[in-house]
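Everything below concerns the one structure shown next.
The values are calculated or read from the model by the stated rules, or taken from the named source; none is laboratory data. Quantities reported herein were computed from a predicted structural model and do not represent experimental measurements. Note: ideal-geometry Cβ built from the backbone for every residue, glycine included; neighbour counts use all protein chains shown.
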Amino acid sequence: MSINLACAVTDPIPAEIRPTPLDSHLGKRIRARRNAIGLPLEDLARAMAVPAETLSAMESGRERVGPQLLHRLTVVLDVPFGYFFDAMPRELDAGFPGTPFDDCGPVGDDMREALELVRAYLAISDEKKRQMVHQLARKLSENPLAE
């Protein structure tokens, strides 16, 4: 195994560990949840067994948020894993194979609203009423493919 010394001199942080826009988004979500529950940074850092400086760097997007830490955060902050990806800007999805920008579908508040609508629809036990809601949605959307 050889090391590219030119790269090591000009770029002290290898690309695979350099923070990304996704890390910045995750950091914002961590800070938002911590503030929402009134938890001081030092207390969260202690609960996570990481230095407060490290957690601060993660919240500000200067340091990567690894999957193990993200998992522990779900427990400590009492949120589902998906919480950290809610309201994620679509452009963060664009670089991943299988998720072209135009086909991302609803995200953030749009996704929550869509899920609420589906749950409400599925909760309608009367078949006729469910068909009426379906027809209404089709008409309101003016989507010819929805038939």
Review point. Taking region 30-59, which residues are surrounded by 15 or more Cβ atoms within 10 Å (Cβ to Cβ) and among the polar types (S, T, N, Q)?
Key: S56
Review point. Of all the residues that make up region 73-99, how many are at pLDDT 90 or above and either in a helix (DSSP H, G or I) or among the hydroxyl-bearing types (S, T, Y) (or both)?
Key: 4
Review point. Within region 107-122, is there a residue that is surrounded by 12 or more Cβ atoms within 10 Å (Cβ to Cβ), out of contact with any Gly (no Cβ under 8 Å at 6 or more places or on another chain) and at pLDDT 90 or above?
Key: no
